[in-house]
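J.: Quick one: structure below, then a few questions.
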Amino acid sequence: MLKIGVGPSSSHTLGPWRAAQRFVQLLEAEGKLYGIASIKVKLYGSLAKTGIGHGTDIAVQLGLAGEDPVIFPVDQINNAITSIKESRQVKLNGLHSISFDPIKDIEFLFAESLSFHPNALSFTADFHNGEQLVETYFSIGGGFVIKEGEQELAGNHVQLPFPVNTADDLLHWVRKTGMAIYEIVLENETAWRSEAEINNGILNIWRVMKECIYRGCHSYGNLPGGLFVKRRAAELNKKLLTGKTYSDFDTWIETIREGGNSFKYILDWVSCFALAVNEENAAFGRVVTAPTNGAAGVIPAVLLYMVIFGEEKISEEKVIPFLATAAEIGSIFKKGATISAAMGGCQAEIGVSSAMASAALTECMGGSQRQAMMAAEIAMEHHLGMTCDPIAGLVQIPCIERNTMGAIKAITASQLAMQSTPDFAKVTLDGVIKTMWDTALDMNSKYKETADGGLAVNVPLSLSEC
């Protein structure tokens with residue numbers, strides 16, 4: 001659920017990038033890479049309609065070139081794309097150069113959509129011997145990609161000690177074992193990797209989150225894409241610190257702590273953290289899908305809120321439980337509904353991220369497992385029906401500000417749950433997940449990351465300023 005990648009979209013950038021990678025890796029594995037004469041790419045439905053704004057064409061080119069979104073230097077993206085454009089060549093998987101003109105060889109099929117999922121793309125490889133290979137992939141949200149005809153959850157043959165598909169399953173295991181949600185998660189993770197690998201992996205995710213927040217809080221200027229949206233996190237950071245100095249992330253955190261803990265001060269900082277992440281995301285920066293790029297700011301903002309302003313200044317020892325709990329809640333939403341805005345609107349992104357953050361915060365602040373699940377339900381309940389309507393197809397307006405709202409709602413939901421008794425709750429987590437999915441199915445497609453409705457059509461571009 002938490003992947004390191006590049007902005008601005010997990011579904012429209014990271015997913016297509018991974019799909020292109022998979023395609024060329026398949027060709028190499030089958031010994032066919034050097035026989036390719038040309039490749040053409042078709043983008044369908046939502047990928048086509050918001051593909052330019054989300055950098056889908058850029059992601060596909062980098063994927064074909066064999067670059068990895070986890071480690072590729074984001075400051076080299078423009079140079080890499082310019083090189084392909086000017087040379088009209090791409091070196092497949094970094095090994096075999098072919099003629100490739102992005103303008104002609106990447107086709108945006110705005111009026112066509114495949115039935116399985118609106119985020120679809122196909123690759124057609126023509127070989128020198130006259131043969132042809134066509135593969136279709138679906139970007140199903142959060143950077144997850146499946147190839148046409150394969151099972152989405154092929155790894156389910158692994159026998160987990162505590163299998164969880166629904167909130168009721170999770171509730172069953174925490175009641176039976178008395179374990180915390182994060183402990184259930186970590187035990188299940190050992191089916192794939194060692195405890196040391198699990199902890200190191202989670203802490204590496206946290207490292208990327210911290211770097212992203214810090215970078216976003218110190219970057220000025222306008223975001224790319226043509227809306228000329230001004231970055232706000234750096235100005236807010238500067239204003240809140242009133243001339244105080246620091247040298248790195250850790251001293252920055254201590255400086256923030258010294259400013260006090262008034263409600264307004266904390267509210268400003270949570271907003272600043274969320275803005276910072278999603279401004280970086282909009283600028284093709286490195287972020288962590290949580291569970292998506294468009295909602296990447298909620299969980300880091302709430303986690304940093306806990307670390308800085310939590311009772312008795314909570315240490316980073318809580319990071320692993322926080323992210324493990326958040327991931328479990330996100331996984332349940334993915335299994336029972338969707339985390340793709342192209343399928344469910346923004347409720348599937350900001351709503352799910354807020355639910356993940358609220359459950360994690362609740363458990364880490366001493367709430368019970370049931371209170372954590374109650375917090376997730378409350379957070380999603382108040383995001384139901386949220387549409388995805390990015391102006392100009394860019395992950396900027398209203399996406400960036402929505403992360404601040406999602407973070408604040410997560411904290412509020414956690415507070416409500418911790419002051420409540422789950423026995424008296426009328427709505428269950430499974431109930432709200434089903435409701436979210438029902439809402440997604442009923443939602444008009446123009447409100448599902450197509451930029452065909454809502455703010456995307458009601459705000460004149462010449463007036464679009466944050």
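J.: In segment 124-167, how many are of a type outside the set (A, V, I, L, M, F, W, C), over 21 Å from Pro291 (Cα atoms) and modelled with pLDDT of 90 or more? Show your work before the answer.
T.: Of segment 124-167, the ones of a type outside the set (A, V, I, L, M, F, W, C) are 124, 126, 128-132, 135-137, 139, 141-143, 147-152, 155-157, 159, 161, 163, 165-166.
Pick out the ones that are also over 21 Å from Pro291 (Cα atoms) and you get 124, 126, 128-132, 135-136, 148-150, 157, 159, 161.
From the residues that got through so far, the ones that are modelled with pLDDT of 90 or more too are 124, 126, 128-132, 135-136, 148, 159, 161.
Looking only at that region, the number is 12.
J.: Now, a different point. Taking segment 46-92 as the search range and keeping residues that are at pLDDT 95 or above and at positive phi, which one is surrounded by the fewest Cβ atoms within 10 Å (Cβ to Cβ)?
T.: Looking at residues that are at pLDDT 95 or above and at positive phi, I get Arg88.
J.: Ok, one more. Here is a list: Phe162, Phe144, Phe228. Which entry is buried (at least 20 other Cβ atoms within 10 Å of the Cβ) and not aliphatic (A, V, I, L, M)? Explain how you work it out, then say what you get.
T.: Numbers: Phe162 fails: buried (at least 20 other Cβ atoms within 10 Å of the Cβ); Phe228 fails: buried (at least 20 other Cβ atoms within 10 Å of the Cβ).
Sole residue among the options that is buried (at least 20 other Cβ atoms within 10 Å of the Cβ) and not aliphatic (A, V, I, L, M): Phe144.
J.: Any residue in segment 452-462 that is in a loop (DSSP other than H, G, I, E, B), assigned by TED's automatic domain parsing to the domain that holds Thr338 and of a type in the set (A, V, I, L, M, F, W, C)?
T.: Checked against the condition, which is being in a loop (DSSP other than H, G, I, E, B), assigned by TED's automatic domain parsing to the domain that holds Thr338 and of a type in the set (A, V, I, L, M, F, W, C), segment 452-462 yields at least one hit.
J.: Which of the strands (runs of 3 or more DSSP E) found entirely inside segment 71-127 contain at least 3 residues meeting this: in contact with a Ser or Thr (Cβ under 8 Å, 6 or more places away or on another chain)? Steps first, answer last, please.
T.: Working: elements: 89-92, 96-99, 106-109, 119-127.
The qualifying strands (runs of 3 or more DSSP E) are 89-92, 119-127.
J.: Output yes when any residue across segment 252-266 is of a type in the set (A, V, I, L, M), buried (at least 20 other Cβ atoms within 10 Å of the Cβ) and assigned to a loop (DSSP other than H, G, I, E, B), and no when none is.
T.: At the first step, the residues of segment 252-266 found to be of a type in the set (A, V, I, L, M) are 253, 256, 266.
Add one more test, that the residue is buried (at least 20 other Cβ atoms within 10 Å of the Cβ), and what stays is 256.
The next check asks that each one be assigned to a loop (DSSP other than H, G, I, E, B); those that pass are none.
So far as segment 252-266 goes, no, none of its residues is of a type in the set (A, V, I, L, M), buried (at least 20 other Cβ atoms within 10 Å of the Cβ) and assigned to a loop (DSSP other than H, G, I, E, B).
J.: Quick one: which residue in Ile106, Ile98 is within 22 Å of Lys49 (Cβ to Cβ) and over 23 Å from the mean Cα position of the chain (by Cα)? Break it down stepwise before answering.
T.: On the way: Ile98 fails: within 22 Å of Lys49 (Cβ to Cβ).
Testing whether each residue is within 22 Å of Lys49 (Cβ to Cβ) and over 23 Å from the mean Cα position of the chain (by Cα) leaves just Ile106.
J.: Find the residue count for segment 413-435, including only residues that are in a helix (DSSP H, G or I) and touching a residue at least 24 places away in the same chain (Cβ under 8 Å).
T.: Matching residues across segment 413-435 total 13.
J.: Mind checking whether some residue in segment 440-454 is over 21 Å from the mean Cα position of the chain (by Cα), surrounded by 24 or more Cβ atoms within 10 Å (Cβ to Cβ) and more than 23 Å from Ala233 (Cα to Cα)?
T.: No: zero hits.
J.: Let me ask you something else. Look at segment 430-466 and say how many of its residues are closer than 17 Å to Leu170 by Cβ and out of contact with any Phe, Trp or Tyr (no Cβ under 9 Å at 6 or more places or on another chain).
T.: Residues flagged as closer than 17 Å to Leu170 by Cβ and out of contact with any Phe, Trp or Tyr (no Cβ under 9 Å at 6 or more places or on another chain) within segment 430-466 amount to 4.
J.: Tell me the residue from Ser331, Ser353 that is buried (at least 24 other Cβ atoms within 10 Å of the Cβ), assigned to a helix (DSSP H, G or I) and either without any contact (Cβ under 8 Å) to a residue 12 or more places away in the chain or not aromatic (Phe, Trp, Tyr) (or both), please. Step through it out loud before you land on a result.
T.: Working: Ser331 fails: buried (at least 24 other Cβ atoms within 10 Å of the Cβ).
After ruling out the rest, the residue left standing is Ser353.
J.: Okay, next question. For the subset of segment 1-26 comprising residues that are of a type in the set (Lys, Arg) and assigned by TED's automatic domain parsing to the domain that holds Gly66, which member is farthest from the chain's Cα centre (by Cα)?
T.: As a first pass, look at segment 1-26 and keep what is of a type in the set (Lys, Arg): 3, 18, 22.
Applying the additional criterion that residues be assigned by TED's automatic domain parsing to the domain that holds Gly66 yields 18, 22.
On the way: Arg18: 14, Arg22: 20 Å.
The selected residue is Arg22.
The values are calculated or read from the model by the stated rules, or taken from the named source; none is laboratory data. None of the values given here were measured: they were computed from a predicted structure. Using ideal geometry, Cβ is built from the backbone for each residue, glycine included, and neighbour counts are taken over all protein chains shown.
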